[in-house]
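The block underneath contains the structure these notes are about, expressed in structure tokens.
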Amino acid sequence: MRAERTAQGLSYQELADRVTKATGVTCPRVTIEKIEDRSSEMSKWSTGIAAALKVDHDWLLTGKGQKHVLASVDKRLKRLKPDAFERLHRQINALIDDEERSQTH
């Protein structure tokens, strides 16, 4: 967590402020310091910290897997204009049709 916080150029207070915004619960600066010093458990705050740092929760806890969270496909689809959504829908159906045909041969 410390490495990511410093890589993003965030102070303890800036990260605490982001966690507060992400969770809706006040996260004191000292909480961030204690977590980094391992004198406090991160579990209560881990989801908010991951959101504040814009990293994957599992990556934050384990250092494994993909670091950055990809925007949800559903959220991205909702931002498409209707004509783009319809084109994408046709492309997906064509891809599925091609895959089904290749599996039957």
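The values are calculated or read from the model by the stated rules, or taken from the named source; none is laboratory data. Worth saying up front: this structure is predicted, and the values here are computed from it rather than measured. Backbone-built Cβ (ideal geometry, glycine too); neighbour counts: all protein chains shown. Each accessible area value is taken on the protein alone, full model and side chains, heavy atoms only, with ligands, DNA and RNA left out. Shrake-Rupley method; radii C 1.70, N 1.55, O 1.52, S 1.80 Å.
Please give the per residue accessible area of the chain, computed with a probe of 1.4 Å over protein heavy atoms only, in Å².
Averaged over the residues of the chain, the accessible area is 76 Å².
For the chain, which whole percent of the accessible surface, found with a 1.4 angstrom probe, sits on carbon and sulfur atoms?
C and S fraction of accessible area: 52 percent.
Within the chain, how many lysine pairs that are 8 or more places apart, or on different chains, have C-alpha atoms less than 17 Å apart?
Pairs that pass both the separation and distance tests number 6.
About its Cα centre, how strong a charge dipole does the chain have in debye, to the nearest 20, once Lys and Arg get +1 and Asp and Glu get -1 at the Cβ?
Dipole about the Cα centre, nearest 20: 360 debye.
Can you work out the FRET efficiency for the pair residue 40 and residue 92, with r the C-beta to C-beta distance and R0 = 35 Å, to the nearest 0.05?
0.15
How would 19, 69 line up by accessible area, probe 1.4 Å, largest first?
Per-residue accessible area, sorted high to low, gives 69, 19.
Could you give the Stokes-Einstein D for the chain in µm² per second, using the C-alpha Kirkwood radius, 25 °C, 0.890 mPa s?
149
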